[in-house]
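These notes concern the structure reproduced below.
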Amino acid sequence: MQNEIVCFLVDQSAPPDYSVYSKFFNTKVSTFNGPAKMALKYHTELLFAYGIRSKNYKYYITLEKIEYDDIKEYSEENIQKLTDRINQKLESVIRKYPDQWLWVHRRFKHIKKDSE
């Protein structure tokens, strides 16, 4: 192991065959679960990074740790829980900076109704 950084872009719609459905803006959307799987499998630190563009066109990058000490065991249930936390973090950043998120891509392409 070389202790290098792995980056995932988590705001895209995931193909339902290899994802989990996680609430995002009160809708269950197909979400990539790779970040949660890798974090739980390898017990890595999980950082959520995002950039905010200022009025002078400079970007400020923020890194926030996503805690998951309470769900260290690798299981389908914990993969779901950690994926939910990642989605919640993304949603909170978008709510804080809605003008910074690209609203034109199809994040809600694959949805699941509560009855499913």
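Values in this text are rule-based calculations from the coordinates and carry no lab data. Just so you know, these numbers come straight off a predicted model, no measurement behind them. Positions of Cβ are backbone-derived with ideal geometry, glycine not excepted, and every protein chain shown enters the neighbour counts.
Couple of notes before you dig in:
- Charge context of Val29, other residues only, Cβ under 12 angstrom, K/R +1, D/E -1: +4
- In the range 1-65, GluC sites (Glu not before Pro) in a DSSP loop with at most 15 other beta-carbon atoms within 10 Å: Glu4, Glu45
- Extension gain, Phe25 back to Glu76 (0.36 nm per residue minus Cα-Cα distance, nm): 16.1 nm
- Here the spin labels are modelled as points 7 Å beyond Cα on the Cα-Cβ line, and at Asn3 and Gln100 they lie 3.0 nm apart.
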